[in-house]
Amino acid sequence: MIQIYRALLIQAFQQMAQYRVAMFLYALFSFIRPIIFLAAWLAVAESQGGRLGALSSSDLAAYFVITIVVTHATQAWDFFEFEWEIRQGRLSPKLLRPLHPIHYSITGNILWKLQTSLAVVPVAILIAITFDARFTTTPSHLVLGAVSTALGAALAFTFGWVFASVAFWTTRVHAVVTLYQRAAFIFSGQIAPLALLPGPLLAVAYALPFAYMLGVPSDILRGGPDIATALLMIGGQVVWLAIAIGVYRIVWSAGLRQYTAVGA
Amino acid sequence: MDRYLRLLRLFVRTELQFALEYRVNLALEIMQMVVVAGTSLAAVLILFAYTEVMNGWTLGQMVVLLGVYYIVQGVEELVMQPSFQKFMEHVRDGTLDFILLKPVSSQFMVSFRHFQTVQTLQVLLGLVITGLGLAQLAATVTLTSAGAFAFTLACGLVLIYALLLVLSTLAFWFVRVDNILAIFWAFIDAGRFPIDIYPGWLRITMSTVIPVGIAVTVPAKAIAGLVDLQTVGLIFLATAVAWMVSRAFWKRGLRAYTGASA
Amino acid sequence: MTDAVIDVRGLTKVYRVHERQEGLGAAVRSIFNRKFREVPAVTDATFRIEAGEVVGFLGPNGAGKTTTLKMLSGLLYPTSGGARVVGHVPWRRDADFLRAITLLMGNRTQLVWDIAAADSLRVLQEIYRIPEDRYRATLGELTDLLELEPLLHKPVRDLSLGERMKVEFAAGLIHSPRVAFLDEPTLGLDVSMQSRIRRFVAEHNRRAGTTVILTSHYMDDVVALCKRVIVIHHGRLLYDGQLGELAQRMAPYKVITVALRDGAASAFLDELGTVTSRDEASVTLHVPRESAPERTARIVRDLEGSLADISVEDPPIEEVIDRVFAGERMPEALAAT
């Protein structure tokens, strides 16, 4: 398996080399939105004397700076690519190969993130300095945060494939994905640190998977929760990842049956 | 002039027919717009759960601003984005020649040929949200403030148009300009909040390089009666300059394309 | 002044091409200090075309055909020289000039992909300000000639390549231009569609008197449509005249085909000319143009009874063109033009 991944990585690297400029530009999207909401929350905090509950302005800055990196690390975009592949008839040849198409996607995903992190990390540092971010991260936060980010990325990626599989049934994946993304917008921790979501919303956020993709790893990396809480959150991520993989398997095999039955 | 209006009507009509052929798509697009706008509104409400005033902006004013943001984005996606996108395809495929050979203004043909008619609904949605905000403000819209709103909004749209025209014109020299436009799309998102909440460098980018800040913030202030005559005059001046510069640049690009300036 | 529809004098186009160097350092340097190379595309072209003529531009890829066409249609400024098309300087692109011409390109479409051609035609009516009655008359005529009826109301993307080309012609000619520039109009079409398009162009030219300038890779297009051809090679005009005379001017030989009876000896034919093919029953040979009558007479005399048939022809036009472009042209042939 390792050799296969090595070969796939090299292939993906060569393909991406042609789109280098576009690739870095699309990384822009991971840091524009965190900056926007950071600025908004700082304005709110200022009107309240520089604090919002347990969070100071510097804590807010730290949270959103971290979300720049985590947003980038947990991005998944297969739902758009997959529909395009089906429409262009590019999926069938891929299915004939002895390797599940998800592996191409995993390597492409990892490689894109590695390369564009060259642009994203310096921007995150610049923003951290501009907004005077203060991190309370301990080494154990860092370790748990890294694990949590990896789990978050896996979760987002798996859900990405669940929604990609929708393309087996309909050509209107875009509409479905918009609903998914807007739910993430509210509940994942994009627009506010989870702690700032008003009561009922916070409960919903913890019940849904979105917070485990972005808000949870970001909080841990910032050094927000204590270790016990962090471990509990990671437990939540594991549960959601198991559910996601289960759902993905069911949806994928059902979708594949549908696809081959239609004979596209 | 009359003729250009008739042409515009024809362009819109044909594209509208096309949009109406795909009813399910249309319904889904509308659903998406409502969901996107609704969640954005929810984000503003969450912010205002913690404060009455944000950097001098009340909830009502902020909702007005969000409404204006969707109006601006709607107009931009209604005609500018589809037309300029098509223009770059024309340059790449060599079909721009057909447009240059038509006995009407090439700039007109390039800028207003294609419409995503469904985006009209985004403009309407923006108007509705603006109305909601005004109701919350209990603001009385006077003739003056409505006029200032319409005028500054028009100026803002022309500013954005001028920027997009300049960026698209670059296609005459460089083939891959789509990438430059991608930066614009990434930054336009920032228009959903007043420009004055952003720190120095970002505010300057938003108000000058990517004038979406001006295009959204100023009209939103204007309808709430918060803009003075001087600002309006300044915006008008900036718009006039941007318009002339972009037009000159377009002509220069066209001359390079036809080999007149070599 | 002149009453020619197209009058071209000394038209020259030199492209300035940016020289790209390998390596990053060179790329950065080139931003400040660009090196240009001058590439002549068309050199000193002079010709006149009268109203109603159908003229073929011949030449291999990169010969300067399209550059010439683009200058005459006003899309490209020349480096020097002048041209008048329907009394206008093309590259000023006056509205009156643009209303009088059309440009059709075989591999490119001016129709909007997702909407029906009828809608695109309506837009063109407005753009060219065609009065309603004239619009209907022209469209009716084009619909008849091209059999457009079933095609006009389908989205363009649903049309086949050939169907799309027919609609493309309708779009290009709806404003009844006086001059039509056709750049490879039959590119990629199947044989029967090619001949349909040819018949249409000929018929339209006959009825409307449109002056047609045509470039094509398919010699059949040119043979079928153009009495007159202009041959361009390396940006220079090599020949301008009747298609029929092209072979006489450009090919210094004739082709004699001899059919033989009973496997008669034919070895002596090698002395009379260059034998290009030979089998049991027939021999084909090239002989110098001026000695063709005398050698034909000798063949008839010497072969006597074993001669079944004999023909003397100009070489096929493709072959002549190929030879010209391959640089095998005889110098005196050029001097004659």
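Coordinate-derived values only; no laboratory data. Everything quoted here is computed from the prediction, not taken from an experiment. No Cβ is skipped: glycine too gets one built from the backbone with ideal geometry, and neighbour counts run over all protein chains shown.
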Quick one: net charge of C:His153's neighbours, Cβ under 13 Å, K/R +1, D/E -1? -3
Segment B:1-78 and segment A:43-78 have their Cα centres apart by a whole-number Å value of 27
Can you give me the Cα centroid spacing of segment C:133-180 and segment A:132-203 in angstrom? 54
Within-12-Å neighbourhood charge of C:Glu126 [Cβ basis; K, R +1; D, E -1]: +4
Furthest towards positive pole of dipole, B:Leu143, B:Pro194, B:Leu157, structure part segment B:2-257, Cβ charges: B:Leu157
How far apart, in nanometres, would the label points at B:Arg23 and A:Val247 be if each is projected 7 angstrom from Cα along the Cα-to-Cβ direction? 3.2
What are the residues whose amide H is under 5 Å from the amide H of C:Val54, where those residues sit 5 or more places off or on another chain and H is modelled from the backbone? C:Val212, C:Lys227, C:Arg228
Using R₀ = 51 Å, calculate the FRET efficiency as 1/(1 + (r/R₀)^6) where r is the Cβ-Cβ separation of A:Leu96 and C:Thr46; round to 0.05. 0.25
Scan of chain C for trypsin sites (Lys or Arg not before Pro) in DSSP loops with at most 11 other beta-carbon atoms within 10 Å gives a longest site-free stretch of C:35-337
Neighbour net charge for C:Asn205 - beta-carbon separation under 14 angstrom, K R +1, D E -1: +2
Please rank C:Thr79, B:Thr205, fewest neighbouring Cβ atoms within 10 Å first, as an exposure proxy. B:Thr205, C:Thr79
To the nearest 10 degrees, the tilt of helix A:139-165 (Cα long axis) against the first principal axis of the alpha carbons of chain A is 40
Relative contact order, percent, of segment A:2-262 when contacts are C-alpha pairs under 8 Å separated by at least 6 residues? 26
Given R₀ = 51 Å, FRET efficiency for A:Phe29-C:Val89 by Cβ-Cβ distance, to 0.05? 0.55
Work out from phi, with θ = phi - 60° and the Karplus expression 6.51 cos²θ - 1.76 cosθ + 1.60, the ³J(HN,Hα) of each residue of segment A:180-191, listed in order in whole Hz, and give x for Gly and Pro. 4, 5, 6, 5, 4, 3, 7, 9, 7, x, 5, 8
The helix A:20-47 Cα axis meets the longest alpha-carbon principal axis of chain A at an angle in degrees, between 0 and 90 and rounded to 10, of 30
What spacing in nm lies between the two simple spin-label points modelled at C:Arg236 and A:Glu81, each 7 Å away from Cα in the Cβ direction? 5.5
Relative to chain B, whose Cα atoms define the longest principal axis, helix B:178-188 and its Cα axis are tilted in degrees, nearest 10, by 10
Given just the C-alpha atoms of the protein assembly as shown, how large is their convex hull per residue in cubic angstrom? 236
Once you keep just the Cα pairs under 8 angstrom separated by 6 or more residues, what percentage relative contact order results for segment B:2-257? 25
Among DSSP beta bridges lying fully in the protein assembly as shown, give the percent that are antiparallel, nearest 5. 70
Rounded if a/c is under 1.5, else prolate if a/b beats b/c, else oblate: with a ≥ b ≥ c from the C-alpha gyration tensor eigenvalues square-rooted, which is segment A:92-224? oblate
Going Cα to Cα from B:Lys251, which lysines come in below 24 Å? Please leave out same-chain ones fewer than 8 positions away. B:Lys86, B:Lys102, C:Lys13, C:Lys70
Modelled FRET efficiency - R0 22 Å, C:Glu271 with C:Glu319, Cβ distances, 0.05 increments: 0.40
Residue among C:Val179, C:Gly140, C:Met193 farthest towards the positive dipole end of segment C:105-214, charges placed on Cβ: C:Val179
